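Report on the structure given below.
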Amino acid sequence: MRGVVFDGGQVRVVDDLAVREPGPGEVLVAIAAAGLCHSDLSVVDGTIPFPVPVVLGHEGAGVVEAVGAGVTHVAPGDHVALSTLANCGTCAECDRGRPTMCRRAIGRPGQPFTRGAEPVYQFAANSAFAERTVVKAVQAVRIPDDIPLTSAALIGCGVLTGVGAVLNRARVDRGDSVVVIGTGGIGLNVLQGARLAGALRIVAVDANPAKEETARRFGATDFLTSAQGVRDLLPTGADHVFECVGRVELIRRAVDLLDRHGQAVLLGVPPATAEASFLVSSLYLDKSVLGCRYGSSRPQRDIALYAELYRQGRLLLDELVTATYPVEDFEKARAEAEAGRVARAVLTF
């Protein structure tokens, strides 16, 4: 079968990939579509260290092909969106409703794929850039059949992370002011999360002026090409600032733009050894700097919620898909994503 494999030196679309059958508590999914996320590219450029060879992709949707013993919530033929959260479901963090903190879901890459006799790693417990993948049952969330799979694919990372950061982590409230630095795939979902939460002022900041129309469609009330103008719009600062780029100087800027009792939420991914600095005294007025893993989400609950919001016309998914590419055109999709010409490129099988 076809898949996108990174061997540590180059990325190739191969056709000799194999995946094992699902074991107990696992699901085999035929992938229909998968979003190309910045995190996939971060593996290639080394920002996210990961063992190789590895099948890339972690934002996908498809159709259940087979289930292992004990799986009852999905069946062959069901449409599913996949999460990357292979949490155990039984530890203290899972029991508290915080599956993103499950230690068994972090740093334990499996090798369900092979090429010839060589095992191949699975990225983010998902590897959606393959015609078929095996995931833990908890990662497969049933969705209505009337949601296009090219759109549903984006729920499993970009939507869960961006909207979830607003609703679950920052808990933006009605009337709050929000600044979003960076309006790529994650930033756009932060914007619509702020809109759903009832934020009164939503300021999008992106150096590319061509992104204004899309940012406003997703919920921005204002658009700036530089964060220097934020204080003109919000003289006392913002209640919430989301950094969605992953640059340490922008993390400092996010903290500096906060009002009293404000929160800076970090969503961008800088290099693993990057350090950021800010004035400690700037936090004394009850300001906070918040990390956020995967939108602090609970995928079985949240994916179903976002799917229903989409069906009601309240959550935008189709508009996130800038362009679709057959998997063989991965390099073209990668080039356009790196150049910032697409909010989300979606690979199809």
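The values are calculated or read from the model by the stated rules, or taken from the named source; none is laboratory data. Note that the structure is a prediction, hence the values are computed from the model and not measured. Every residue, glycine as well, gets a Cβ built from its backbone with ideal geometry; the counts of neighbours run over all protein chains shown. The accessibility values were calculated without ligands, DNA or RNA, using every heavy atom of the protein model including side chains. Shrake-Rupley method; radii C 1.70, N 1.55, O 1.52, S 1.80 Å.
At least 3 residues being more than 25 Å from PRO270 (Cβ to Cβ), open to solvent by 10 Å² or more (accessible area, probe 1.4 Å) and touching a residue at least 40 places away in the same chain (Cβ under 8 Å) is the threshold, and among the strands (runs of 3 or more DSSP E) wholly inside region 49-141 those reaching it are 60-67. Across region 259-296, the qualifying residues are those that are open to solvent by 40 Å² or more (accessible area, probe 1.4 Å) and closer than 20 Å to GLY184 by Cα, and the one among them that is modelled with the lowest pLDDT is PRO271.
Taking region 12-23 as the range and being closer than 15 Å to GLY110 by Cβ and without any contact (Cβ under 8 Å) to a residue 40 or more places away in the chain as the test, no residue passes. Every condition in (1) free of Cβ contacts under 8 Å to residues at least 12 places away in the same chain; (2) within 18 Å of the chain's Cα centre (by Cα) is met by SER151 except one, and the failing one is (1).
For region 151-189, the set of residues classified as open to solvent by less than 10 Å² (accessible area, probe 1.4 Å), touching a Gly at 6+ places or on another chain (Cβ under 8 Å), more than 22 Å from GLY97 (Cβ to Cβ) and of a type in the set (A, V, I, L, M) consists of ALA153, LEU154, VAL180, ILE181, LEU188, listed by residue number.
Filtering region 24-48 to residues that are within 30 Å of ALA75 (Cα to Cα), part of a loop (DSSP other than H, G, I, E, B) and either in contact (Cβ under 8 Å) with a residue 60 or more places away in the chain or of a type in the set (Phe, Trp, Tyr) (or both) leaves GLY25, CYS37. In the set (1) over 19 Å from the mean Cα position of the chain (by Cα); (2) crowded, with 21+ Cβ neighbours inside 10 Å, PRO299 fails one condition alone, (1). If only residues of region 316-348 that are closer than 23 Å to VAL80 by Cβ and not hydrophobic (A, V, I, L, M, F, W, C) are counted, the one that is surrounded by the fewest Cβ atoms within 10 Å (Cβ to Cβ) is ASP318.
Just give me the residues in region 190-210 being open to solvent by less than 20 Å² (accessible area, probe 1.4 Å) and in a helix (DSSP H, G or I), in sequence order. Residues satisfying the conditions are VAL190, LEU191, GLN192, GLY193, ALA194, ALA197.
Looking across region 1-48, just one residue is in contact with a Lys or Arg (Cβ under 9 Å, 6 or more places away or on another chain), exposed (fewer than 14 other Cβ atoms within 10 Å of the Cβ) and closer than 16 Å to PHE330 by Cα, and that is ASP15.
Go through region 154-185 residue by residue and tally those that are of a type outside the set (Ser, Thr, Tyr) and either free of Cβ contacts under 8 Å to residues at least 12 places away in the same chain or farther than 19 Å from ALA307 by Cβ (or both). Walk me through it before giving the result.
Quick first cut of region 154-185, residues of a type outside the set (Ser, Thr, Tyr) only: 154-160, 162-176, 178-182, 184-185.
Next cut, either free of Cβ contacts under 8 Å to residues at least 12 places away in the same chain or farther than 19 Å from ALA307 by Cβ (or both) only: 169-176, 178-182, 184.
Qualifying residue count, region 154-185: 14.
Hey, any hits in region 298-315 for a residue that's in contact (Cβ under 8 Å) with a residue 12 or more places away in the chain and over 29 Å from ALA86 (Cβ atoms)? Scanning region 298-315, I find at least one residue that is in contact (Cβ under 8 Å) with a residue 12 or more places away in the chain and over 29 Å from ALA86 (Cβ atoms), so the answer is yes.
Name every residue in region 50-80 that is closer than 15 Å to VAL11 by Cα and not aromatic (Phe, Trp, Tyr), in order of residue number.
As a first pass, look at region 50-80 and keep what is closer than 15 Å to VAL11 by Cα: 50-57.
Those that are closer than 15 Å to VAL11 by Cα and not aromatic (Phe, Trp, Tyr): PRO51, VAL52, PRO53, VAL54, VAL55, LEU56, GLY57.
Collect the residues in region 211-258 that are open to solvent by 10 Å² or more (accessible area, probe 1.4 Å), hydrophobic (A, V, I, L, M, F, W, C) and part of a helix (DSSP H, G or I), keeping them in residue-number order. ALA227, LEU233, VAL248, LEU250, ILE251 - these are the residues of region 211-258 that are open to solvent by 10 Å² or more (accessible area, probe 1.4 Å), hydrophobic (A, V, I, L, M, F, W, C) and part of a helix (DSSP H, G or I).
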